[in-house]
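Data first, discussion second: the structure below is written as structure tokens.
The values are calculated or read from the model by the stated rules, or taken from the named source; none is laboratory data. Note that the structure is predicted; figures quoted are calculated from it, not measured. FYI the Cβ positions are ideal-geometry reconstructions off the backbone, even for glycines, and counts take in every protein chain you see. Only protein heavy atoms, including side chains, enter the accessible area calculation; ligands, DNA and RNA are left aside. Shrake-Rupley method; radii C 1.70, N 1.55, O 1.52, S 1.80 Å.
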Amino acid sequence: MAESAQRPPLGFPLPAAAWLRGYSRTDFGADLLASVIVTIMLIPQSLAYAMLAGLPPETGLYASMLPVVAYAAFGSSRVLAVGPVAVISLMTATALAEVTATHDVAWPVAAAVLAMLSGLFLVLLGLLRMGWIANFLSHSVISGFISASAIVIALGQFEHIFGVEADGKTLPVLLPALGASAARAIPEVMAIGFGAIAFLYFVRSHLGPMLRSFGMAPGLATACVRAGPVLAVVFGTLAVSWLSLAQQGVPVVGAVPAGLPALVLPRVELDLVVALLPSAILISLVGFVESISVGQSLAMRRRQRVEPDQELLGLGAANLVSGLSGGFPVTGGFSRSVVNYDAGAVTPMAGVLTAVAMAAVAAFMTPAFHDLPRAVLGAVIVVAVLPLVDFAAMGRALRHSRWDFAALALTFAGVLLLGVEIGIALGVLLSLAVHLGRSSRPHMAVVGRVPGTEHFRNVDRHAVLTAQRVLSVRVDESLWFGNVRFLEDRLGALVSERPGVTDLVLQCTAVNGVDGSAMETLERISERLDAAGVRLHLSEVKGPVMDVLRHAGIPERLTGRVFFTQHEAMRALAPDDEPGNGRAPCAGDGDGI
């Protein structure tokens, strides 16, 4: 049964109360199975993404415990798997590298402050019901950002796969560093790294079909595929331990502190907050967009609902707790959420059980990570992020809109060449500039009546009936200060081309709003047309727009009338419906309106 579409109150009662009510043993069994599968996937990812963020491996474990529980309490998705993700880890590393270069602060402390700032910003947006703010990151910008970030992340792991130091967050820095250090690559490390990549690709691409061909149940075969990264971690650790490769120069994780994280408020200084705030805001927006996209997609499959503003509170709580427990920024992960859904998770209890399992790992299993080669974690990251590179999206964007392609390409190139924050900023600025440009020059069409109907369509696209003395113009955009000058000039040009016109009807079907400048311009247009012997009328004005116009007294100051429909206007102004300017369609009847 579909969940109610009624909008729930934010924050109270807790969303967890809805799914805890009536929670059954059957639900628990399904959630437990899903948590086992997600935990198997999360253990190596949490360690790898902490390394990607430049943090000690235990921070990845910490970021996979209490934040997951906090989201289960406050989030609205039933299956979203919250925790460390690759793209946010890269953004965290970029932000921390810039801040720690100018401030005397340790990386883990700065990461905790960054998570808390991100959490506070998300909670603020949620309380203000500002989930719509993420719309400023268009699909094209996000697609270009994720693809470019995946390339940077994958290339950045080759320092671990080669066993060298080659830091860099952009291609102009990273590629020369890798090239200069390639001669110092350690053969044993390369064997482990490339062997792990080959193994993981084999597991992902061929193991499942092979096991099913041997008669294994599809569910069990899928679970074996999900366990691939854990197997790579186990095999790599055993190889290093048995062959004493750490003593031969193979970089390993080393000692990982055992135990659970303590809730500690990190040292917060004003200059550190100011330095981290822009990155925290950007990380929050990117994380929210990724999370809400995954959550809504999975919720639709079960006819459930994800509330964007409640998601802001859920993710905000998760990040606040992550900062307090020694973690770093987290969000909903695409791959883990899909696995959680496919594994049969019914409620966020699956996430709580995953957090319990991760706590057990942190408390009792960390000594097993001592000989884990960093090359294996690098391989886990490479195999996880490369599927995120979507070159086909560029082709689709180019076919759909050259401006969408330009935003995608600019973001992609900006992230690769200039860095994450600059790349996203360039894409967003171009997208906004394109939107403002389009809105400032709205599409306008002279319309006429389709014979035998009450419908009015573009005279350049359809064979329609028009009247000699009445000019009907449809404007396909809300009216605001940025486009009213264009409207005024365009109407003036149309009237000057038709000396016999005595009435102009502005069809407002697509006008969803008017501002003060637009209302003043409508009055001015009416006065200028009146001086030329032409009355200005409006038709098909939407209710909210009409309320604004009436409140400002615009209808009384127009030289014409406001008609309920365009057909009503033409019956009143041109009752004979003179077919003086009927034109054949240029692209076929029905080709647009």
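Listed values, structure above:
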quantity	calculated
Per-q log10 I(q)/I(0), segment 369-439, q = 0.12, 0.16 Å⁻¹ (Debye; single scatterer per alpha-carbon; no solvent)	-0.47, -0.68
Within segment 380-528: Cβ-based charge dipole about Cα centre, in debye rounded to nearest 20 (Lys, Arg +1; Asp, Glu -1)	480 debye
Peptides 190-197, 34-41, 20-27 ordered by average Cβ neighbours within 10 Å, highest first	34-41, 190-197, 20-27
Share of carbon and sulfur in the accessible heavy-atom surface of segment 365-514 [1.4 Å probe, %]	61 percent
Exposure ranking of Asp476, Asp547, Asp460 by accessible area [1.4 Å probe, largest first]	Asp547, Asp460, Asp476
Expected 222 nm ellipticity per residue - DSSP helices of 4 or more, -39500 (n - 2.57), all of the chain, to 500	-19000 deg cm²/dmol
GluC sites (Glu not before Pro) lying in DSSP loop within segment 141-206, provided at most 16 other Cβ fall within 10 Å	Glu165
Solvent exposure, largest accessible area first (probe 1.4 Å, DNA, RNA and ligands not counted), of His160, His435	His435, His160
Å² per residue, accessible surface of the chain at 1.4 Å	44 Å²
Share of carbon and sulfur in the accessible heavy-atom surface of segment 1-156 [1.4 Å probe, %]	69 percent
Label-to-label distance, nm, for residues given as Met216 and Arg301 (7 Å Cα→Cβ offset)	2.1 nm
Stretchable slack from Phe364 to Asp390, in nm (0.36 nm times residue separation minus alpha-carbon distance)	5.4 nm
Computed Kirkwood radius, in angstrom, where 1/r is averaged over Cα pairs of the chain	27.3 Å
Rounded FRET efficiency, nearest 0.05, which uses the C-beta distance separating Val234 from Met190 and R0 of 22 Å	0.65
Nitroxide proxy distance, nm - points 7 Å out along Cα→Cβ at Glu497 and Leu398	3.5 nm
Exposure ranking of Thr559, Thr366 by accessible area [1.4 Å probe, largest first]	Thr559, Thr366
Share of carbon and sulfur in the accessible heavy-atom surface of segment 192-254 [1.4 Å probe, %]	72 percent
